[in-house]
Amino acid sequence: GRWESVDDNPVQRRRTRHFASDREGTLHDETACEQAVLDALAGIRAIAREAGESMATVALAWLIAKPGIASVVVGGRRPDQIKRNLAAAELALDQSVIDELDRVTDPVKIHLGTNADMWDSGAKSRIR
């Protein structure tokens, strides 16, 4: 929930396939899904607000609740971030909330597809 627009993101965080290929530092040559990312973030923000939790806590709790995800790696720079992230393990989301999180993020997931390389397009991906 820290940034409201793409331009609010530090340049070094705008290198992934989530952002336009003409942004500084970007290596990929794919079309951007920036608007889908912003829409997904707005959806997550609204869901988190409704739950009375931070976006980070809700996002981590969502990942923990997904049966196909074996582990969630978390970290933080400050003790309060670590505490917030650990609280996600205690947050049980209703299935309706999980479904809504899936729905608002589906356009990004569909755009990115099966290429796990966040920095390069499928043809140039370093992941095989």
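For ALA70, only one of the following conditions fails: (1) more than 14 Å from the chain's Cα centre (by Cα); (2) part of a helix (DSSP H, G or I); (3) small (Gly, Ala, Ser); (4) closer than 30 Å to SER125 by Cβ. What is its number?
(2)
Contact list please: Cβ distance under 6 Å, first residue in the stretch 80-105 and of a type in the set (Ser, Thr, Tyr), second residue in a helix (DSSP H, G or I) and surrounded by 12 or more Cβ atoms within 10 Å (Cβ to Cβ), pairs at least six apart or on different chains.
Within 6 Å, the pairs are THR105/ALA40.
Please identify the pairs in which a residue from the stretch 56-78 that is surrounded by 10 or more Cβ atoms within 10 Å (Cβ to Cβ) has its Cβ atom under 7 Å from the Cβ atom of a residue that is charged (D, E, K, R), counting only partners at least 6 apart or on another chain.
ALA56/ARG84; THR57/ARG84
Restricting attention to the stretch 1-51, which residues are in contact with a helix residue (DSSP H, G or I) (Cβ under 6 Å, 6 or more places away or on another chain), in a helix (DSSP H, G or I) and under 27 Å from ARG126 (Cβ atoms)?
VAL6, GLU34, ALA36, VAL37, ALA40
Could you list all residues from the stretch 83-128 that are open to solvent by 20 Å² or more (accessible area, probe 1.4 Å), in a loop (DSSP other than H, G, I, E, B) and within 24 Å of HIS18 (Cα to Cα)?
GLY113, THR114, ASN115, ALA116, MET118, TRP119, ARG126, ILE127, ARG128
The values are calculated or read from the model by the stated rules, or taken from the named source; none is laboratory data. Computed from a predicted structure; not experimentally measured. Reconstructed Cβ throughout: ideal geometry from the backbone, glycine too, with neighbour counts over all protein chains shown. Side chains included, ligands, DNA and RNA excluded: accessible areas come from the protein's heavy atoms. Shrake-Rupley method; radii C 1.70, N 1.55, O 1.52, S 1.80 Å.
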